[in-house]
Amino acid sequence: MQDQFRRQIDYLRISITDRCNLRCIYCMPSSGVPWIPHEDILSFEEILRLMRISTQLGFRRFRITGGEPLVRKGILDFARESARLPGVDDLMITTNGLLLPEMAFDLKAAGVHRVNISLDTMDSERFREITRGGDVSKVIQGIFRSLEAGLNPVKINVVVVRNVNTQELPSFLTLAKQYPLHIRFIELMPIGLSSERRADFVPIEEMKEILELKQDVPKEDILGGGPAEYFQPPGYKGSVGFISALSRHFCTTCNRIRLTADGKLRPCLHSKHEIDMREGLRNGSTDQELLDLFARAVWHKPAEHHMNEEALQGQRLMSQIGG
Ligand code: SAM
Ligand code: SF4
């Protein structure tokens with residue numbers, strides 16, 4: 001359906017858990033965070049009901065995220081049920097990739113179409129520091145298993161953090177050149193833990209300078225309707241993209257809303273405004289009543305975010321929203 005600013009909103013990002021097997025420095029404190037109690041997390045049946053209702057409003061694209069979605073028990077059955085819902089045209093997952101070596105084929109068989117894998121560095125020591133303990137070889141294995149399994153496209157999310165991985169950006173070009181992988185360099189967003197990390201922010205223009213990426217390389221309009229700007233230099237099997245929440249607003253083309261693991265719809269990533277769906281789900285609301293709530297959330301999607309002016313402090317962490 002359209003929102004009040006005539007944007008077509010057809011993409012729902014669903015966080016199925018706030019839990020994670022990593023503690024990335026820009027996303028979660030090293031001590032972790034108190035998990036949302038199990039009973040407050042939407043069951044898969046509840047999520048499927050909301051997905052079904054959303055398809056009646058024209059939602060067609062669904063991304064499963066977290067926390068780390070692959071740590072939630074029953075994820076494969078959930079993916080299978082989701083893929084079977086009439087109206088679900090595109091089922092995607094965003095993951096840190098640690099569990100992909102053993103799950104990529106099962107996810108594909110369950111009906112997941114494509115996968116985004118987060119990988120900020122290919123250096124094992126640096127990876128351990130950024131993620132506070134992760135094993136990069138698992139993620140790299142997971143990336144290649146995903147390609148073998150036929151998940152397509154496979155995108156790699158690289159959050160760029162000053163003096164942490166800036167020096168390594170060119171090596172990701174090699175990856176995009178040699179393999180059909182779509183690398184997306186992402187500006188650090190001032191959300192949750194990162195709201196105080198402005199000094200670590202690297203604007204897209206600076207990333208392009210580091211990469212020596214010329215403006216005239218062909219721009220590929222691939223990979224459907226997201227906020228990234230893609231380039232495919234000649235001879236590349238994959239592509240290189242940039243996601244800029246700060247230096248280039250993507251709000252006018254925003255096509256999504258988010259559902260948190262505890263059942264709140266967030267019309268905008270960077271707004272505190274949430275609509276509680278869980279209460280309706282659990283107090284006997286009819287499908288029509290839930291659909292009306294959903295439609296209200298879409299309609300009231302704000303025109304744009306205000307990340308440049310204010311950081312979201314004391315709000316949900318990124319791991320509690322789903323990215
Ligand atoms: N655990 C999964 C993963 O890491 O891919 C899914 C959830 S994670 C919150 C989703 C995406 O958000 C990841 O690509 C992560 O790198 C990104 N992210 C987390 N905090 C961020 C921040 N402050 N700025 C930009 N991206 C961020
Ligand atoms: Fe976990 Fe993803 Fe956040 Fe890293 S970015 S701590 S993997 S939720």
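General remarks:
- Residue separation of residue 205 and residue 303 scaled by 0.36 nm, minus their Cα-Cα distance, works out to 32.8 nm of gained length.
- Rounded tilt (10° steps) of 136-149 against the dominant C-alpha axis of the chain: 70
- Every helix of 4 or more DSSP H residues in the chain counts as -39500 (n - 2.57), and over all residues that averages to -8500 deg cm²/dmol at 222 nm.
- Against the chain, whose longest principal axis comes from its Cα atoms, helix 100-110 is set at around 50 degrees.
- Average accessible surface area per residue within the chain, 1.4 Å rolling probe, Å²: 42
- Taking amide H atoms as placed 1.01 Å from N in the peptide plane, the amide H of residue 239 lies under 5 Å from those of 181, 182, 183, each 5 or more residues away in sequence or on another chain.
- Extension gain, residue 214-residue 174: 0.36 nm per intervening residue step, less the Cα-Cα distance, totals 12.8 nm.
- For the chain, the Kirkwood hydrodynamic radius comes to 20.0 Å, computed from all pairs of different C-alpha atoms.
- Given R0 = 30 Å, the distance between the Cβ atoms of residue 38 and residue 77 translates into a calculated FRET efficiency of 0.95.
- The angle between the Cα long axis of helix 75-84 and the main principal axis of the chain comes to about 70°, on a 0 to 90 degree scale.
- Cα-based equivalent ellipsoid of the stretch 47-181: semi-axis lengths in Å, sorted from largest, via gyration tensor: 29, 15, 14
- Carbon and sulfur %, accessible surface of the chain computed with the full protein complex present, 1.4 Å: 50
The values are calculated or read from the model by the stated rules, or taken from the named source; none is laboratory data. Since this is a predicted model, take the numbers as computed values, not measurements. As a convention, Cβ positions derive from the backbone with ideal geometry for all residues, glycine included, and neighbour counts pool all protein chains shown. Side chains included, ligands, DNA and RNA excluded: accessible areas come from the protein's heavy atoms. Shrake-Rupley method; radii C 1.70, N 1.55, O 1.52, S 1.80 Å.
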